[in-house]
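Report on the following structure.
The values are calculated or read from the model by the stated rules, or taken from the named source; none is laboratory data. From a predicted model like this one, the values you see are computed outputs, not experimental measurements. With ideal geometry, Cβ positions are generated from the backbone for all residues, glycine too; neighbour counts draw on all protein chains shown. Surface accessibility is based on the protein's heavy atoms, side chains included, excluding ligands, DNA and RNA. Shrake-Rupley method; radii C 1.70, N 1.55, O 1.52, S 1.80 Å.
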Amino acid sequence: MSVSFAAWVHSAVPVDPSAPDARQLLQEELGKPEYQAAKPTWLDLAASAVERWLNSLVLPSGGDASGLLPLIAVIVLVTLIIVLFIVFGRPRRNRSAPVQLGSLFGSDDRRSSAELRASAADAARSGDFRTAIEELYRSIARRQAERTVIRVDPGTTAQDVAWRAAESYPSEAGGLASAARVFDEVRYLGASGTHASYEELAGLEARLRDAAPVRRERIGAR
């Protein structure tokens, strides 16, 4: 036979509990999962508070609320921004913003990729393929940094650029590795460079200049 709720209360709860006993019984009852699940969230409480505040506004005489419209518009805008922040998180850095140019492969070179590319072409026309190769590989690295495809820090090496850029352009991995090797040979091992090496590097630079990467390094990653 089922026991009625009233009978259960009568048997489980003292007829005349003391104040401490009553408080303890209430805390135990409200601590049950079904009561906790029904508690309003902080967002519910905030929405209710805003709604109560809006309802408390007193309209000017004659019912003309035009004077309150700017204030209400600001409140709605702030609320929308908060909701967007909660849903989408903090905005990422704008990838189209100008990139600060700094040192590149151990030298304080602040030229743009276009300037480096032009310098490489001038050196190639004069037969200085060593300089042409150095400048053109720098142009490749600078261009990818300008487009925020990869990061280029003061300690970044030619091999670093090739390895990281290959993750963004997998089909060019072999060409990037070869270009980094030629750059290291002419810059650090005293190789003179060749016209063929320069032309191969020029083709790589042209293909990568505005190519769509399959991935980008995360801005601010270290």
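Restricting segment 137-163 to residues that are in contact (Cβ under 8 Å) with a residue 40 or more places away in the chain and among the β-branched types (Val, Ile, Thr), the residue that is most open to solvent (accessible area, probe 1.4 Å) is 157. The set of residues in segment 119-136 being part of a helix (DSSP H, G or I) and open to solvent by 50 Å² or more (accessible area, probe 1.4 Å) consists of 122, 125, 130, 131.
The residue of segment 183-201 that is nearest to residue 157 (Cα to Cα), among those that are touching a residue at least 40 places away in the same chain (Cβ under 8 Å) and open to solvent by 30 Å² or more (accessible area, probe 1.4 Å), is 187.
The helices (runs of 4 or more DSSP H) located wholly in segment 148-222 that include 3 or more residues which are under 22 Å from residue 108 (Cα atoms) occupy 158-168, 173-188. Any residue in segment 164-180 that is within 21 Å of residue 119 (Cα to Cα), small (Gly, Ala, Ser) and open to solvent by 30 Å² or more (accessible area, probe 1.4 Å)? The answer is no, given that none of the residues of segment 164-180 is within 21 Å of residue 119 (Cα to Cα), small (Gly, Ala, Ser) and open to solvent by 30 Å² or more (accessible area, probe 1.4 Å).
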